[in-house]
Amino acid sequence: MGSGVTDHALGGLTREAVWRFVDDRVADLEAQTSLTWPIYILSKARSHYRLVAHLLDEARVPYRVVVEPQDADAYRAKFGDRVLVMDADDQGVAYARNFAKRHAAESGASYHWQFDDNLRSFRVRRGGKSVPVNPRHVLSVVEQTVGMLTNVAGAGLANSAFVFSYDDREPVVFNTQVYCAMLLRSDVEAWFTPDTGEDTDYSLQILSAGYVTLSFKRVCMEKTPTEQMSGGNTEIEYQAGNGHERRRWRFQNTVDRWPAHFKVGVHKDGRPRLVPTGGYRKFTQHPTPAPALIDYWKASA
């Protein structure tokens, strides 16, 4: 997959076709129920939480919970045979994400979902508000949309806290970061890099390889801030008095890998953050329509 992909088949209108397709599905959201790809919830030392797992159980959506060996018994007591145990403890987020990706690829899944375990709800924008809905409908919209294109390597749900400004804009943003609730192509030669802003780094890898990413704004997710939950990598990344320094170190590692895109800055409260310098603007590759999108566009014209 190289860069410079064009969308001549739709006369340069592939983005418009995707936006119309998404808006049509969101307008009839409760009818969107089809799901194909496996879901992996990445979790560490949080067997007592069932945030996203509870939502999926209620919707009767299957999933696997990816855990470390040291946590396996506690998770099996709650999730039974849905627990997928990694082969090492305390290797970090990137290791867990790569484990899930390998498992999906070896299982023959062309795409797979990766969910953080602190997702609280799945939502749709209606009447100027983010309204909680059945996750099956939201995930189906994403899967159907990705299936309409041939060069998507990552699609993600935006955080509901940041989508209000898109109510009168496009329902999907192309070629930007995906994170937290992601549908990833399993065969892409890109891997999550330890000790970086893993999702930022991975998004830049797949975009630099010429693939397209999708960030959904009309359907979205709500998450609990990591530092407000015990377990996970909280103890490693944010406690023991070294939270800011470790975060700054991880972000600096990201900047060192992608100096044309970001620099390290700080929030008003002193927390380090990644500040875009070039960001994602350089990635202008076009989505490539599958035959089904061409047929849809012709039928809806």
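The values are calculated or read from the model by the stated rules, or taken from the named source; none is laboratory data. Computed from a prediction, not measured in an experiment: that's the story for all the values here. Cβ atoms come from the backbone with ideal geometry, glycine included; neighbour counts cover every protein chain shown.
Counting the residues of segment 180-220 that are crowded, with 22+ Cβ neighbours inside 10 Å, hydroxyl-bearing (Ser, Thr, Tyr), touching a strand residue (DSSP E or B) at 6+ places or on another chain (Cβ under 8 Å) and not in a helix (DSSP H, G or I) gives 3.
Is at least one residue of segment 133-145 at pLDDT 95 or above, under 18 Å from Phe21 (Cβ atoms) and part of a loop (DSSP other than H, G, I, E, B)?
Step one: of segment 133-145, the residues at pLDDT 95 or above are 133-145.
Next, from what is left, pick out any that are under 18 Å from Phe21 (Cβ atoms): 137-145.
Cutting the leftovers down to part of a loop (DSSP other than H, G, I, E, B) gives us none.
No - not one qualifying residue is present in segment 133-145.
In segment 210-218, is there at least one residue being at pLDDT 95 or above and more than 26 Å from Glu16 (Cβ to Cβ)? Checking segment 210-218: not a single residue is at pLDDT 95 or above and more than 26 Å from Glu16 (Cβ to Cβ). Lys223 passes all but one of (1) at pLDDT below 95; (2) more than 23 Å from Ser165 (Cα to Cα); (3) surrounded by 15 or more Cβ atoms within 10 Å (Cβ to Cβ); which number fails? The failed condition is (2).
Scanning segment 260-301 for residues that are within 23 Å of the chain's Cα centre (by Cα), surrounded by fewer than 12 Cβ atoms within 10 Å (Cβ to Cβ) and either within 18 Å of Val152 (Cβ to Cβ) or modelled with pLDDT of 95 or more (or both) yields a single hit, Thr284. Here Ser47 fulfils each of the conditions (1) assigned to a loop (DSSP other than H, G, I, E, B); (2) of a type in the set (Gly, Ala, Ser); (3) surrounded by fewer than 19 Cβ atoms within 10 Å (Cβ to Cβ) apart from (3).
Among the residues making up segment 248-259, a single one is in a loop (DSSP other than H, G, I, E, B) and either surrounded by fewer than 15 Cβ atoms within 10 Å (Cβ to Cβ) or without any contact (Cβ under 8 Å) to a residue 40 or more places away in the chain (or both): Pro259. Selection of segment 260-285 for residues being more than 21 Å from Tyr202 (Cβ to Cβ) and in a loop (DSSP other than H, G, I, E, B) yields His267, Lys268, Asp269, Gly270, Arg271. For segment 80-132, filtering for residues that are in contact with a helix residue (DSSP H, G or I) (Cβ under 6 Å, 6 or more places away or on another chain), surrounded by fewer than 18 Cβ atoms within 10 Å (Cβ to Cβ) and assigned to a strand (DSSP E or B) leaves 2.
Within segment 100-119, residues that are under 17 Å from Gly154 (Cα atoms) sit with their Cβ atoms under 6 Å from residues that are in a strand (DSSP E or B) and β-branched (Val, Ile, Thr), at 6+ positions apart or across chains, in these pairs: Ala100/Val66; Trp113/Ile39; Phe115/Ile41. State yes or no: is Gly154 under 13 Å from the mean Cα position of the chain (by Cα), within 25 Å of Asp187 (Cβ to Cβ) and not charged (D, E, K, R)? Yes. Look at (1) without any contact (Cβ under 8 Å) to a residue 40 or more places away in the chain; (2) within 24 Å of Arg136 (Cα to Cα); (3) touching a Pro at 6+ places or on another chain (Cβ under 9 Å) and you find that Ala59 fails only one, number (1).
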